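Here is the structure we will look at, set down as structure tokens.
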Amino acid sequence: MSIGHTLLGLLESGPRHGYDLKRAFDEKFGHDRPLHYGQVYSTMSRLLKNGLVEVDGIEAGGGPERKRYAITEAGITDVERWLATPERPELYLQSTLYTKVVLALLTHRDAADLLDTQRSEHLRTMRALTDRKRKGDLADQLICDHALFHLEADLRWLELTAARLDKLREAVAR
Amino acid sequence: MTPPPGSLLTAENLYKAYGPTNALDGAGFSIHPGEVVAIMGPSGSGKSTLLHCLAGIVTPDSGTITYDGRVLSSMSDTERSALRRSEFGFVFQFGQLVPELTCVENVALPLRLNGTPRKEAERTALSWMQRLEVDDLRGKRPGEVSGGQGQRVAIARALVTGPRVVFADEPTGALDSLNGERVMELLTEAARSTNAAVVLVTHEARVAAYSDREIVVRDGKSRDMERAV
């Protein structure tokens, strides 16, 4: 995730202090990984250098955390461009799982067992996410759903691979 | 072999053939009170046959199924039917509600079959319909409600007798993902609140994620993933 663009986007609704920005980020997006103060200030000084934000005021007491930042016109254009640019879909072509399955077959290990164990591990994570979703608010539900759909896609691949193990075994033996 | 301590329903070494096909080839299973166990596996792997054997609907060719200390195969058909009516609840993918009856009559049906007077049966049925958030459908017939609503009515019916085991075979198979999830939430919450065990057959990982653990069935053989790791 682009922290710079996210902080810029948060500034669009009005100027904020560094600590206020960190709090807003953590509340909305930082469920698993809250920002460090250091990250906020290094990002803000980069945005400042690039003219995307400006210092709107400094509270008495000094120190970087007392600066209040405002987004510039260039900053707004930058956020707009970022939002309008689609993210590149991940292709996952170099899957570690695929490598493990092929290696298991090449070395005459139990590839079906490997796939079963992986499914179980995926389901364990899916249970934790489902539980968090059940207890959480709408933001939690959407974040967990995104992760759950990706894990589900992995699982579908595991099932399909399990069903094709005999063919794959023949192919890797060639 | 003796069943694992504390288990409510156990199966050992189940074999079942349909003609030349071995639907079950030495499968096993166990579940504790209040536990939700998913039976997973590809189509045709034997997972529904396993569920039908556990529920006493299908008799295995060999192997032992023990429910609460009693061996299912040593019971008479009448005893097994009585067990299914009073201690087991069932939820299927579709086609389980009686179209001529209203929703509340459908939910009350298992109680009526057990001899409960109509008024009392419908009062209990309505309280379950409230828990499943479908009490406003009491006077409607199954043909007049949506798939998700019908499935909640079916869950209320499965739970109305206070079963100790609920068998759910692809209970969300005919629903979209939002409705499916709500049905799973309500089913597992309701079962946990009464300490009922749920045997859940599904091929969907998102549905299996509502379980406590999973058993994988492949080519009629089962694998208990929790005990395997």
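FYI, it's all coordinate maths here, none of it is from the lab. Since we're looking at a predicted model, the values are computed, not measured. Note that we place each Cβ from the backbone using ideal geometry, even for glycine, and neighbour counts take in every protein chain shown.
Could you please rank B:Met75, B:Met40, placing first whichever residue has the fewest other Cβ atoms within 10 Å of its Cβ?
B:Met75, B:Met40
Any chance you could give the angle, 0 to 90 degrees and rounded to 10, that helix B:147-159 forms with the longest Cα principal axis of chain B?
70
Could you work out the helix-only [θ] at 222 nm for chain A, with each DSSP H run of four or more residues adding -39,500 (n - 2.57) and the total divided by the number of residues, to the nearest 500 deg cm²/dmol?
-21500 deg cm²/dmol
Give me the angle, in degrees from 0 to 90, between the Cα long axis of helix B:177-193 and the longest principal axis of the Cα atoms of chain B, rounded to the nearest 10.
So the helix axis and the longest Cα principal axis differ by about 80 degrees.
When the Cα centres of the stretch B:147-170 and the stretch A:115-142 are compared, how far apart do they sit, in Å?
That distance is 24 Å.
From the cross-link list A:Lys22/A:Lys135; A:Lys100/B:Lys221; A:Lys100/A:Lys167; A:Lys167/B:Lys221, which pairs have alpha carbons spaced over 19 Å apart?
Too far apart for the 19 Å limit: A:Lys22/A:Lys135; A:Lys100/B:Lys221; A:Lys167/B:Lys221.
Which percentage, to the nearest 5, of the DSSP beta bridges contained in chain B is antiparallel?
Counting DSSP beta bridges with both partners in chain B, the antiparallel share is about 55 percent.
Can you give the angle from 0 to 90° between the axis of helix B:118-131 and the longest principal axis of chain B, with both taken from C-alpha atoms, to the nearest 10?
The angle comes out at about 80 degrees.
Rank the residues A:Leu160, B:Leu24 as a footprinting-exposure proxy: fewest other Cβ atoms within 10 Å of their Cβ go first.
A:Leu160, B:Leu24
Between the stretch A:152-174 and the stretch A:4-71, how many Å separate their Cα centres?
The distance from the Cα centre of the stretch A:152-174 to that of the stretch A:4-71 comes to 48 Å.
Sort B:Thr188, A:Thr125, A:Thr130 by Cβ crowding within 10 Å, fewest neighbours at the top.
Ascending Cβ contact count within 10 Å gives the list A:Thr125, B:Thr188, A:Thr130.
Going by the alpha-carbon gyration tensor, a ≥ b ≥ c the square roots of its eigenvalues, is the stretch A:3-84 rounded (a/c under 1.5) or, if a/c is not under 1.5, prolate (a/b greater than b/c) versus oblate?
Since a/c reaches 1.5 but b/c is at least a/b, the shape of the stretch A:3-84 is classed as oblate.
Let me know the shape class of the protein assembly as shown, please: from the alpha-carbon gyration tensor, a ≥ b ≥ c as square roots of the eigenvalues, rounded when a/c is under 1.5, otherwise prolate if a/b is greater than b/c, or oblate.
It is oblate, given that a/c is not under 1.5 and a/b is not larger than b/c.
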